[in-house]
Structure formats: structure tokens, C-alpha cells
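Heads up, the thing below is written out as C-alpha cells.
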Amino acid sequence: MPTYNFKEDVQVFVVSGGNRHRIDVKDVTFGQTFTESSYPVKTLHAQSNVFEGSVINKANPASFSFEAAGIVEADYTILETLLIQATSFDLFIKTNADTFKLETAVITNGSFVIERSRPLSIQIQGQASKLTRNATLTGTLQARSSTSSYTLPVVDVTIGSTSLGSVVSASMELQNQITWTAHTTVNSALSVTNASNSMYPQNFTLSKKILSGSIAQYLTNENTSNLQNWDTDASLTIKAGNGLTGINFRGFSMGPATCSFTNRVSTGSIFTQSYDWRLTENPSSLFSILKYETD
């Protein structure tokens, strides 16, 4: 009787620097496609050959995504490190039937999910060089905390010297824009015989980072200063966590940092104003601005 792969049985492991970290995920997707090219086979003596031939020798970058909780313990801070540094790692997805491996993986997008009605979480999207099945787990498994503590966030936003009240929601997203090095050569193409020795992308370069997000605030008689406004040199601080300050704060934080923003009104059942912001300064270390603070 066959053994099936069920998503509910999935275990996700991140392997970086020889260390293997188990990440409990809410959902996971992954896959990889190949590029096909066609060529005509119709000739003077074979006029009925109207279906073209096929060449498949190159793989597109693999893709993956998953969501992990922003727990108070430091078990998942490896995700923050790999996101900010945009360095490569190996990603393993293990079920009761198979173990899949995504080689030379890189996080291209990390969203810090901040909602009052649910615990903090991090949504990860990325690309990888090659997807293989029946892989063997590598790296030394790292110990996990005995507990996992979740936080329903208190959101604190400051623009300039003004603390925003009546905040409905806030978001932070870091994008790593990468380019995979061209990996198609004549010699490699001639040696391809099947999927196992196809031409896979091997290396990538980071071209740009974008740290941006939005803030929604109820429109009241107490917050009229920025309505329908913009600024290219505003100091912004966002904190979403346990509501404590200083060394006791646990959660997501951004800033203080120089950002641009535009402000617009939204006329729902309750009027709100929305700030769409983007980091414009270039800090010596992004770790000093964008933080996932844990025990």
C-alpha cells in the first residue's frame, strides 16, 4: 500500500553554517519548473510534420514559501538572520514518506505579520537552485526551547515626535531583489540527457533591498496633522509586541529610521487614514533598525 505525503505531517528544517534548525510552520509550498523550447521538424520531404519537436535542458529557480510564528523564544531568529543578510542556506521539507531538499536557497521576501486578533508571525518567500527528492538531512540539529510563547501584539507607532493613537494595523516587509547568474552554456546543453543533469542555476547576486510597509489609523478629531500629506525625510518607529519597552520588549520593531511616506484617507464604515512608508536611509547594519527581539 502506498504511503502518501500529507501537508499536516510536514517538518521544515533550515540548515545554515552546519546547524539544522527545525521550524514549525503554519503552511508550506514549494516547487520547480523546467524551461521547454520548441523547434520545427517540417521539411520539404515531410510536409505533414506540423507538430514541433521539444528541447528541455534548463531548470528555472525553485520557489518556496512558509509561515512561522513570531514566538518569544529565540528558536526562529535564524529566519531574521537569513532574511536580513540574504545569504544562502539549504531548506528541507520532511514528511512521513519523503524528504525534499531545496539547495542554495535564499529568502527574497519576509513579511512581519502584525494583527491585533492573532499572534505575531513571519511569512517567508524565497527561491533556490535545485529541488531534489529522497534527500538526506544534513547539519547538527539544534536544541529547541521547552516552551513556545505567543504574543498578541500591542502596536506602537511614532512618526517624528508624534505617537499615533487609534492604530488599526501595521505591516513591515523586507524584499531582497536577487538575480540568478546565467547558467546556460553550449557545452552543458550538449551533455544534458535527463532531469538529473539539467542545467540548474547555481549562484545569485543581490541588487537591491526594499523595506516598506503601511500603517492604518482611525481618523478622529485628534489626528489631523498628516491627512493627505507626504514626507521624504520622516523619522519612523514601529513596535509590535508585548507592549513593554526597553530590554523587556519582545516582538517586532523597526526604527527609529528615516523613511518616506504618503498619507491618504479611506472612507469605510469608519474613516481611516493610511500611511504607506519606505526606508530611505542606508544604515551600516540593517540589524540595528529591523529587529525580531526575543528572550
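Can you give the net charge of the other residues whose Cβ lies under 13 Å from the Cβ of Asp276, counting K and R as +1 and D and E as -1?
That sum, taken over residues with Cβ under 13 Å, equals 0.
Here is the link list: Lys58/Lys209; Lys208/Lys291; Lys7/Lys101; Lys7/Lys130. Which ones come out longer than 24 Å on Cα distance?
Lys58/Lys209
Under a plain spin-label model, where a point goes 7 Å from the Cα along Cα-to-Cβ, how far apart in nm are Asn229 and Asp295?
The two pseudo-label positions are separated by 4.1 nm.
Please report Glu8, Glu67 as a ranked list, fewest other C-beta atoms within 10 angstrom at the top and most at the bottom.
Glu8, Glu67
Give, rounded to the nearest 20 debye, the magnitude of the charge dipole that the range 38-107 has about its Cα centre when Lys and Arg contribute +1 at Cβ and Asp and Glu contribute -1 at Cβ.
540 debye
If each residue of separation counts as 0.36 nm, what is the full-extension length gain between Ala74 and Asn194 once their alpha-carbon separation is subtracted?
Full extension of this stretch gives 38.9 nm more.
P(r) for the chain, please, calculated from all Cα pair distances in 5 Å bins and given in %.
Spelled out per bin, shortest first, that is 1, 5, 10, 13, 14, 13, 11, 9, 7, 6, 4, 3, 2, 1, 1, 0, 0.
Suppose R0 equals 51 Å; then what is the FRET efficiency for Gln177 and Thr43 from their Cβ-Cβ distance, rounded to the nearest 0.05?
FRET efficiency, Gln177 to Thr43: 0.65.
Using Cβ contacts closer than 10 Å as the measure, can you line up Val14, Val50 from fewest to most?
Least crowded to most crowded, the residues run Val50, Val14.
Looking at the chain as a GNM with Cα springs under 10 Å, which of Ser121, Ser38, Ser191 has the largest mean-square fluctuation?
In the Gaussian network model the winner is Ser38.
For the chain, set up a Gaussian network in which alpha carbons nearer than 10 Å are linked by springs, and say which option among Ala59, Ala216, Ala182 fluctuates the most.
Ala182
Please arrange Lys209, Lys101 by counting, for each residue, the other beta carbons lying within 10 Å of its beta carbon, fewest first.
So the residues, fewest neighbours to most, are Lys209, Lys101.
Which of the aspartates and glutamates could a cross-linker bridge to Lys42, judged by Cα under 16 Å and excluding same-chain residues fewer than eight apart?
Within reach: Glu52.
Specify the inter-centroid distance of the range 1-44 and the range 245-287, based on alpha-carbon positions, in whole Å.
35 Å
Residues with beta-carbon under 15 Å from that of Phe287, excluding Phe287: net charge, scoring Lys, Arg +1 and Asp, Glu -1?
Here the count lands on -1.
Bear in mind that the values in this text are calculations on the coordinates, not laboratory data. Note that the structure is a prediction, hence the values are computed from the model and not measured. Methodologically, a virtual Cβ is constructed for each residue, glycine included, from the backbone with ideal geometry; neighbour enumeration extends over all protein chains shown.
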